[in-house]
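Since every read-out is calculated from the coordinates, none of them should be taken as a lab result. Keep in mind it's a predicted model, so treat the numbers as computed, not measured. Cβ coordinates were reconstructed from backbone atoms using ideal geometry, including for glycine residues, and neighbour counts include every protein chain displayed.
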Amino acid sequence: MIETRRPKKACRRCETIHQRPAPSRPVERGMAGPGLLAHILVSKYDDHLPLYRQGEILARMGADIPRSTLIDWCGQAAAVLQPLTARIKAVVLASDRLHADDTPIRVLDRTGPKAKGRL
């Protein structure tokens with residue numbers, strides 16, 4: 001755990017309170033730092049680990065984060081990363097050639113001969 005101390009100091013002459021600004025975060029007014037957000041996004045989109053399972057894993061580690069909070073963090077992190085995704089899209093579409101894999105993949109074919117035993 002990283003604890004940030006920001007002591008408040010008051011000036012008796014001008015009666016104002018001075019305090020160091022809080023460290024910047026990717027999500028405004030959020031608790032999650034960039035490392036945690038990156039871990040959640042990579043686990044979700046690259047490792048295909050659903051958020052409810054990530055919540056269970058984090059709870060076992062002592063950080064009980066509700067699924068709704070994880071969902072909000074994913075949306076807010078996507079908004080933060082939007083300029084980067086726009087730039088990547090512009091670079092890809094500006095290239096001379098664009099390669100894609102259009103191979104269809106059937107996840108579940110209920111009409112085939114092997115499907116009768118599974119129904």
Between the Cα axis of helix 67-94 and the main Cα principal axis of the chain, the angle (0 to 90°, nearest 10) is 70 degrees
With only helices counted (DSSP H, runs n ≥ 4, each -39500 (n - 2.57)), the per-residue ellipticity at 222 nm for the chain, to the nearest 500, works out to -14000 deg cm²/dmol
Long-range amide H partners of Ile65, meaning residues 5 or more apart or on another chain whose placed amide H is closer than 5 Å, are Ala59
Helix 34-45 sits off the longest principal axis of the Cα atoms of the chain, rounded to the nearest 10 on a 0 to 90 degree scale, by 10 degrees
Fewest to most Cβ atoms within 10 Å: Ile65, Ile57, Ile105, Ile40 sort as Ile105, Ile57, Ile65, Ile40
Restricting to Cα pairs under 8 Å and 6 or more apart, the percent relative contact order of the chain works out to 14 percent
Taking Cα atoms, the helix 51-60 axis meets the longest principal axis of the chain at an angle in degrees (rounded to 10) of 50 degrees
Over the Cα atoms of region 33-93 the radius of gyration and the largest Cα-Cα distance (Dmax), both in Å, equal 13.2, 44
